[in-house]
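Student: Please find one structure pasted underneath; my questions will follow.
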Amino acid sequence: MKKDSAIDYWGYILIRLIGPLIRSLPVGVSMFLGARLGELLFCLDRRHRAVVYANIKGAFPDKFSPKELNCLVKDFYRAFGQSIIEVLLIPAVDEAYINKYVAIEGREYAYEALNRGKGVILVGVHAGSWELSNVICANLGFPFNLFIRVQKYPRLNGLLNSFRRQQGCKFIQREGETRQLIKVLKNNEAIGMSADQGGRSGIQVKFFGRYASMPSGAIRLAMKYDACIVPAFYTRLKGPYVKAFVEPPLELKRTGDTQQDIKDNLQALVNIFERYISKYPKDYLWTYKAWKYGTERDILILSDGKTGHLRQSEGIAGIARDILNEKGISANIRKVEVKFRGKNSRVAMTASCIFSGKYGCQGCGWCMRKFLEDGVYKELSGIKPDIVISCGSQVAPVNYVVSRENLAKSIVLMRPSIFSVNRFDLVVMSRHDNPPRRRNVVEIEGALNTINEDSLKGAAEGLKKLGVKVFKEPALGILIGGDAKGFRLTGDMMSKISGQVKAAAGRLGAELLITTSRRTSPAVEGLLKREFSGYGPCKLLVIANEKNIHEAVEGITALSDIVITSPESISMISEAVKSGRYVIVFDSPGLSGKHRRFLGHFAGNKYVALVEADKLAEKIEEVWLKRPEIEPLKDDLLVREAIKKIL
């Protein structure tokens, strides 16, 4: 027996057996059991509980603390359990039950709407006891028709409809019953419809500040047939006591632009329900993904403060944004620099996260509160991202906690510390880091970045505005890094490189564009100033630690025909290669095994030319004269396909 069939069959049997027992108990006892059922579901239904938590946080990102959110989720489940029990009570609901347990505020608006003679559409959302609300409407003293969708469980669907019929509900099925809808309205009867959960075919309107898909059927009917829309919201006061709020008929906007009017009127309707949900958040059905079909996504980049890592994260975010844009979804990218309270806090947070389960972080936040600076914790607690991106092992545990807290997709670059890669939706690792073979691991060759034709053009224009001009070919871009872990760029090495660059420039008639980095030592900076300040072919010399130019690296790359780089920065070399220029890397002692593997792979695949310092001039001339074919990196394509799968 298939899973759905088994649920349908055994669910039907269970309700047929338990229903009479529940109806034989005092109503207060039944509602007490319903609350306990909700608490049991809260403990067992971890997957939907996570959706409820994330949705409520998405609706009220700054209103509740994690602890308060957890309490609200538990209250939701208690009310949900009581609503389940209430479905079993429907056959016993009569006028006396409604008079005792149901308070209706604004019922006169429904009668006033009927007096107009054009039919009434009672519109609600999935809130409070929505099944009991149908019975309430059927007992208001006028013909009521419920607009329903056929459910995937035929036995349970049939049983529920039999309960509804006993209380006077009539049905109109959504599948192909447009004529019946029109007939009902022309007979000045009422139709019950919902204004939430629009699915793929709904219209995008703002729901708690973010676009969500909402059904427009009620608005379209009302506008076409001049029917009245009467919003109604239901909240559970305590136990079986329910209160219904009936709003005045919605004043429909009619400007002549039908599609815009439909959207504006739907937005006005949703705003009414948003007001009630804000007041009674535990009553709304948060178990479905409210913004799943929305046209907005929030991407959060967690930065460890390292520029190279940030640029890699920005590269991933740019790819994700482009994929979403192709689907008609806009992406908002936000960056937060993660700052720990102390040196040991980073290690402590990693250790504390190792033992947390898939849903263990929701409603906790202890580790972020304990180990992150107050401002960072507050900022991360007040946002609801859909995708979380980080680069570097230091911020991987923060990525894990934030993505779990918000039920967001998690993407990490580089090996995520001692965490298992299985804890993240996507792990992007360079081949020189020896990535494990997993379905969610993508192996790339270099380091991701934001370099593209548009960014290169913009950076080049930025340098030109500063007066930098190149008149001759070839233009040689010189990108000098500096000291790194286990590596030191010496003055002797740079003296050789300077001589070789001048020799090549002299023989080729080349012009030079040079920049250092923040890591460049004072000794190397001094040498470069002595060698190239006042040197005719040198059109730009940037000493980053004295006067940095934001566009320097990318602008120099854009204006150059050949880019010469120092060997210690994987990010810098990857950016140069992605630009589509000829790239020459001069070799130097002291590089780590990882860097050696990286350079060997790039040289072997002809992405770069790797040369000894004393042969640099020769290689520059050879590249310019032979003009070999430039091999493009395929990293972005690999990552793009992987991100498509998780989105």
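The values are calculated or read from the model by the stated rules, or taken from the named source; none is laboratory data. In this text the structure is predicted, and so the values were computed from the model without any measurement. Cβ sites come from the backbone with ideal geometry, for glycine too, and all protein chains shown count toward neighbours. Remember, those area values only see protein heavy atoms, side chains included, never the ligands or the DNA or RNA. Shrake-Rupley method; radii C 1.70, N 1.55, O 1.52, S 1.80 Å.
Student: Which residue is farthest from ASN55 (Cα to Cα), if the candidates are limited to the stretch 369-384 and must be open to solvent by less than 50 Å² (accessible area, probe 1.4 Å) and within 20 Å of the chain's Cα centre (by Cα)?
Tutor: Only one residue fits best here, namely VAL376.
Student: A further question follows. Just name the residue that is most open to solvent (accessible area, probe 1.4 Å) out of those in the stretch 397-422 that are free of Cβ contacts under 8 Å to residues at least 24 places away in the same chain and assigned to a helix (DSSP H, G or I).
Tutor: ASN422
Student: Listed residues GLY294, GLY305, GLY256; which is assigned to a loop (DSSP other than H, G, I, E, B) and touching an Asp or Glu at 6+ places or on another chain (Cβ under 6 Å)?
Tutor: That would be GLY305, the only listed residue that is assigned to a loop (DSSP other than H, G, I, E, B) and touching an Asp or Glu at 6+ places or on another chain (Cβ under 6 Å).
Student: Related question: Considering only residues that are part of a helix (DSSP H, G or I), open to solvent by 10 Å² or more (accessible area, probe 1.4 Å) and under 16 Å from ILE229 (Cα atoms), which ones fall in the stretch 107-133?
Tutor: Once the filter is applied, which keeps residues that are part of a helix (DSSP H, G or I), open to solvent by 10 Å² or more (accessible area, probe 1.4 Å) and under 16 Å from ILE229 (Cα atoms), the stretch 107-133 yields ARG107, GLU108, TYR109, TYR111, GLU112, LEU114, ASN115.
Student: From the list LYS634, LYS594, exactly one residue is loosely packed, with under 12 Cβ neighbours inside 10 Å and at pLDDT below 95. Which is it?
Tutor: Unique residue meeting the criteria: LYS634.
Student: Suppose we keep only residues that are open to solvent by 80 Å² or more (accessible area, probe 1.4 Å) and either modelled with pLDDT under 90 or in contact with a Leu (Cβ under 8 Å, 6 or more places away or on another chain) (or both) within the stretch 423-468. Which one would you say is nearest to ILE573 (Cα to Cα)?
Tutor: Filtering first and then ranking leaves GLU443.
Student: Now, a different point. Condition check: modelled with pLDDT under 95 and either crowded, with 17+ Cβ neighbours inside 10 Å or within 23 Å of the chain's Cα centre (by Cα) (or both). Does THR258 satisfy that?
Tutor: No.
Student: Return the pairs, sorted by first residue and then second, in which the second residue is open to solvent by 20 Å² or more (accessible area, probe 1.4 Å) and β-branched (Val, Ile, Thr), the first residue lies in the stretch 537-564 and is in contact (Cβ under 8 Å) with a residue 60 or more places away in the chain, the beta carbons are less than 7 Å apart, and the residues are 6+ apart or on different chains.
Tutor: Matching pairs, first to second residue: LYS539/VAL470; LEU559/VAL470.
Student: Can you tell me which residue among PHE42, PHE32, PHE80, PHE76 is in a helix (DSSP H, G or I) and surrounded by fewer than 18 Cβ atoms within 10 Å (Cβ to Cβ)?
Tutor: PHE32 is the lone residue from the list that is in a helix (DSSP H, G or I) and surrounded by fewer than 18 Cβ atoms within 10 Å (Cβ to Cβ).
For every residue, the table says whether it meets (1) over 23 Å from SER495 (Cβ atoms); (2) open to solvent by 10 Å² or more (accessible area, probe 1.4 Å); (3) not charged (D, E, K, R).
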{"position": "CYS538", "(1), (2), (3)": "no, yes, yes"}
{"position": "ALA544", "(1), (2), (3)": "no, no, yes"}
{"position": "THR565", "(1), (2), (3)": "no, no, yes"}
{"position": "ILE570", "(1), (2), (3)": "yes, yes, yes"}
{"position": "ILE573", "(1), (2), (3)": "no, no, yes"}
{"position": "TYR582", "(1), (2), (3)": "yes, yes, yes"}
{"position": "GLY590", "(1), (2), (3)": "no, yes, yes"}
{"position": "ILE643", "(1), (2), (3)": "yes, no, yes"}
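Student: Residue under question is SER356, and the condition is that it be open to solvent by 20 Å² or more (accessible area, probe 1.4 Å), part of a helix (DSSP H, G or I) and under 25 Å from PRO61 (Cβ atoms); does it hold?
Tutor: no
Student: When you check PRO91 against the structure, is it modelled with pLDDT under 95, farther than 17 Å from THR287 by Cβ and in contact with a Phe, Trp or Tyr (Cβ under 8 Å, 6 or more places away or on another chain), yes or no?
Tutor: Criteria met by PRO91.
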